[in-house]
Amino acid sequence: MYEKSLINYSLFKGLAEEQIASALSLLEAHEKHYKKKQPILRSGSLTDWMGLILEGSITIENNDAWGNTSLLNSLGKGEFFAESYAYLNTPVLVDVIANESTTILFLNLHKLQQLDAHKYPWAFKITQNLLSIATQKNLALSQRSFHTASKSIRARVMSYLNHISIQQQTNEFDIPFNRQQMADYLNVERTALSKELRKMEQDHLISFHKNHFNLIFVKKDTPSS
């Protein structure tokens, strides 16, 4: 029932509809619905299942024993999560939370590892696609480390917004975070972030409304000949 809608998703890249149908059956695909703020995975748990977001969005958080939260990522419709934990069967190190009303399609990666690649050639292709997905996730985590490297809140904000601008190839864009989530992602206090954003707007570096930002670049004068 999902074959046509999933054919363009990165996990199923290069697979025909009948191969996707076979994969969904053998990997015990099933849907589950979550309410806003409902936990999907908890740190310390073990899972054989990776998730595909069919509707809604999730946040991936690091919550320590002292109640501190660090937002690692936000994922939306069509994106995957928990593939590394499921494939390696290692304890989950993060909390995965529904950011809104969300529907997840789960796939059993333990079953994938048990399949005969000669009998089911799509299994090898899915494994290759998983490697690509995991590599992209590692790149995203390294980017966050780059954004939070500076001690200055302004430098962190500018690094992050500049990255989104390059990624979307426009100076005007929406970010996937609300203000608290943005503060958690950049590892700063929300009040300090809001104060710095207002200063940056006063300095004519940015304009913004909620999660919509416009970067204002200073045009350099062309040297006269």
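The values are calculated or read from the model by the stated rules, or taken from the named source; none is laboratory data. Please read these numbers as outputs of a predicted model, since none were measured by experiment. Note that we place each Cβ from the backbone using ideal geometry, even for glycine, and neighbour counts take in every protein chain shown. Each accessible area value is taken on the protein alone, full model and side chains, heavy atoms only, with ligands, DNA and RNA left out. Shrake-Rupley method; radii C 1.70, N 1.55, O 1.52, S 1.80 Å.
Convert 4 °C to kelvin, take the viscosity as 1.567 mPa s, use the Kirkwood radius over C-alpha pairs of the range 140-225 as Rh, and evaluate the Stokes-Einstein diffusion coefficient in µm²/s, rounded to a whole number. This corresponds to a translational diffusion coefficient of 95 µm²/s. Loop exposure criterion: chymotrypsin sites (Phe, Trp or Tyr not before Pro), DSSP state outside H, G, I, E and B, at most 12 other Cβ atoms within 10 Å. Applied to the chain, the longest stretch between such sites is 67-216.
In order along the range 87-104, the phi-based Karplus estimate (6.51 cos²θ - 1.76 cosθ + 1.60, θ = phi - 60°) of 3J(HN,Hα) comes to 6, 8, 6, 10, x, 5, 9, 9, 9, 10, 10, 5, 7, 6, 4, 9, 10, 10 Hz; Gly and Pro are listed as x. When the Cα positions of GLN169, ILE216, SER70 are compared along the charge dipole of the chain, ILE216 comes out farthest toward the positive end, with charges on each C-beta of Lys, Arg, Asp and Glu.
Computed extension length for HIS33-ASN62: 8.2 nm, one decimal, from 0.36 nm per residue of separation with the Cα-Cα distance subtracted. Compared with the dominant Cα axis of the chain, that is its longest principal axis, helix 190-202 is turned about 50°. Scaled to the globular estimate 2.2 N^0.38 Å, the Cα spread of the chain, given as radius of gyration, is 1.18.
Of the solvent-accessible surface of the chain, computed with a 1.4 Å probe over protein heavy atoms with every protein chain present, carbon and sulfur atoms account for 51 percent. Annotation: amide H of LEU72 within the under-5 Å range of ILE60, GLU61, ASN62, sequence separation 5 or more or interchain, hydrogens built in the peptide plane. Select from the range 118-223 those GluC sites (Glu not before Pro) which occupy a DSSP coil region and have at most 13 other Cβ atoms within 10 Å, ordered by residue number. Answer by residue number: GLU189. Between THR191 and GLN136, the contour length at 0.36 nm per residue exceeds the Cα-Cα span by 16.6 nm. Of the trypsin sites (Lys or Arg not before Pro) found in the range 162-211, those in coil by DSSP whose Cβ has at most 15 other Cβ atoms within 10 Å are LYS210. Based on protein heavy atoms only, the chain ends up with 58 Å² per residue of surface accessible to a 1.4 Å probe. Each Lys and Arg Cβ is given +1 and each Asp and Glu Cβ -1; about its Cα centre, the range 105-225 then shows a dipole of about 200 debye. The 3J(HN,Hα) values that the Karplus relation (6.51, -1.76, 1.60; θ = phi - 60°) gives for the range 35-48 are, in residue order, 7, 4, 6, 6, x, 9, 9, 10, 4, x, 7, 10, 8, 9 Hz. Gly and Pro appear as x.
The trypsin sites (Lys or Arg not before Pro) found in the range 86-129 that occupy coil by DSSP, while having at most 14 further C-beta atoms within 10 Å, are LYS119. In this structure, ARG154 and HIS110 have a Cβ-Cβ separation that, at R0 = 35 Å, corresponds to a calculated FRET efficiency of about 0.15. Computed from Cα positions, the angle between helix 121-147 and the longest principal axis of the chain comes to roughly 20 degrees.
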